[in-house]
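The structure appears right after this line, and notes come after that.
The values are calculated or read from the model by the stated rules, or taken from the named source; none is laboratory data. Since we're looking at a predicted model, the values are computed, not measured. Reconstructed Cβ throughout: ideal geometry from the backbone, glycine too, with neighbour counts over all protein chains shown.
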Amino acid sequence: MTCHVSVSTAAYDGYGFDKILPSLARCGVRHVEFAFIDGYVEAFTDSDFTDDFASELKRQMQRYGQECRYFSGHIDLGGEDATARLEARCRFAAALGASFVITNAATLDRADAFFRQAGSLAAIARQYGVRILLENPGNGVPNVLDHAGDVPGLLERLDSDAFGINYDVGNLLSHCPERDPGSDALEAMSIADHFHLKPCVRTADGIDFVAFGQGDVDDTEVARELLRQDKPFSLELPFRLHRDANAQPWRDEQPLPLELIELRVTRSLEELALLTENI
């Protein structure tokens with residue numbers, strides 16, 4: 001399998017990293033994307049992003065022959081505290097060895113604030129030697145970046161050395177249900193730096209997240225094209241997460257059994273490996 005594929009720790013919501021990293025190693029994962037996303041994974045605060053914590057995670061990764069290039073730390077970059085919160089994430093990500101920090105841009109009502117402080121945000125990224133990859137959200141709240149059509153105009157207003165795009169195919173299903181996810185993903189292919197493949201299915205109550213190859217969107221075709229273009233991507237498989245009919249996230253009360261998570265991660269990687277063999 002291509003070395004450009006990572007697996008997000010979001011699949012293991014509710015478990016400590018002392019369980020997550022060895023489990024990913026058992027599944028054959030060497031490229032880890034750490035997920036610290038408010039409301040989507042177990043509660044944490046910005047004060048958790050310490051040098052000691054980063055050093056411990058890096059030691060654990062080294063134990064299992066793993067590395068981290070992409071770090072998910074979604075916040076709203078139009079918020080008053082965005083510079084401080086982004087700096088905490090960039091510092092932590094850099095200490096892990098990551099080169100990219102994935103976050104949202106800003107809700108549309110905070111667009112002016114986002115663009116006003118974009119220079120300060122870019123300076124933080126440069127200070128820590130990372131790039132900020134802006135992701136299209138999935139919560140249905142109008143954003144500076146809703147879909148692929150927003151990307152060119154957005155990037156024209158930003159420092160291209162500091163900012164890029166992480167395109168999330170699964171998010172489009174709940175955020176822009178009127179758009180075709182496959183066509184939108186293909187439109188993003190040439191302008192996004194990195195992709196999230198987040199397979200999901202529509203239900204009577206909203207959205208559930210499933211293993212690769214089992215979603216309503218043809219993630220296999222998207223992955224095939226990403227592999228053809230040698231475009232990096234992560235499998236983001238938040239099995240504990242759901243979205244309600246209004247696209248708002250909620251999580252199962254208890255974590256999924258570790259054995260079930262490993263089964264689904266392994267199946268996803270096997271499907272991807274079969275796809276890779278035929279590229």
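With respect to the stated conditions, Ser6 fails to be farther than 25 Å from Arg243 by Cα, surrounded by 19 or more Cβ atoms within 10 Å (Cβ to Cβ) and either polar (S, T, N, Q) or within 13 Å of the chain's Cα centre (by Cα) (or both). Here the condition is being farther than 25 Å from Leu235 by Cβ and of a type in the set (Asp, Glu); of Asp146, Asp161, Asp184, Asp150, it holds for Asp161 alone. Looking at Val265, Val217, just one residue is surrounded by 15 or more Cβ atoms within 10 Å (Cβ to Cβ), β-branched (Val, Ile, Thr), modelled with pLDDT under 95 and closer than 24 Å to Ser72 by Cα, and that residue is Val217.
Would you check which residues across region 158-174 are buried (at least 23 other Cβ atoms within 10 Å of the Cβ), in contact with a Lys or Arg (Cβ under 9 Å, 6 or more places away or on another chain) and outside any helix (DSSP H, G or I) and list them? Answer for region 158-174, where residues must be buried (at least 23 other Cβ atoms within 10 Å of the Cβ), in contact with a Lys or Arg (Cβ under 9 Å, 6 or more places away or on another chain) and outside any helix (DSSP H, G or I): just Asp168.
The condition of being in contact (Cβ under 8 Å) with a residue 12 or more places away in the chain and either in contact with a Lys or Arg (Cβ under 6 Å, 6 or more places away or on another chain) or assigned to a helix (DSSP H, G or I) (or both) holds for only one of Leu145, Leu133, Leu155, that being Leu155.
Return the residues of region 73-98 that are buried (at least 18 other Cβ atoms within 10 Å of the Cβ) and small (Gly, Ala, Ser); say none if nothing qualifies. The answer is Gly73, Gly78, Ala82, Ala88, Ala93, Ala94, Ala95, Ala98.
Residue-by-condition table, conditions (1) in contact with a Gly (Cβ under 7 Å, 6 or more places away or on another chain); (2) outside any strand (DSSP E or B):
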position: Lys231; (1), (2): no, yes
position: Phe239; (1), (2): no, yes
position: His242; (1), (2): yes, no
position: Ala245; (1), (2): yes, yes
position: Trp250; (1), (2): no, no
position: Arg264; (1), (2): no, yes
position: Leu275; (1), (2): no, yes
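Per this entry, Ile207 is counted among residues that are in contact (Cβ under 8 Å) with a residue 40 or more places away in the chain, buried (at least 16 other Cβ atoms within 10 Å of the Cβ), of a type in the set (Val, Ile, Thr) and part of a strand (DSSP E or B).
Of all positions in region 111-124, none carries a residue that is surrounded by 21 or more Cβ atoms within 10 Å (Cβ to Cβ) and part of a strand (DSSP E or B).
Checking each residue in region 176-197 for being touching a Pro at 6+ places or on another chain (Cβ under 7 Å) and surrounded by 23 or more Cβ atoms within 10 Å (Cβ to Cβ) picks out only His194.
Gly65 passes every criterion in (1) surrounded by 21 or more Cβ atoms within 10 Å (Cβ to Cβ); (2) more than 13 Å from the chain's Cα centre (by Cα); (3) in a loop (DSSP other than H, G, I, E, B) apart from (1). Against the conditions (1) in contact with a strand residue (DSSP E or B) (Cβ under 7 Å, 6 or more places away or on another chain); (2) part of a helix (DSSP H, G or I); (3) hydrophobic (A, V, I, L, M, F, W, C), Leu57 satisfies every one except (1). Being crowded, with 21+ Cβ neighbours inside 10 Å, touching a residue at least 60 places away in the same chain (Cβ under 8 Å), not in a helix (DSSP H, G or I) and not basic (Lys, Arg) narrows it down to one residue among Val29, Val101; which is it? Val29 is the lone residue from the list that is crowded, with 21+ Cβ neighbours inside 10 Å, touching a residue at least 60 places away in the same chain (Cβ under 8 Å), not in a helix (DSSP H, G or I) and not basic (Lys, Arg). If you filter region 1-40 down to residues that are out of contact with any strand residue (DSSP E or B) (no Cβ under 8 Å at 6 or more places or on another chain) and of a type in the set (S, T, N, Q), you find that the one that is modelled with the lowest pLDDT is Thr2.
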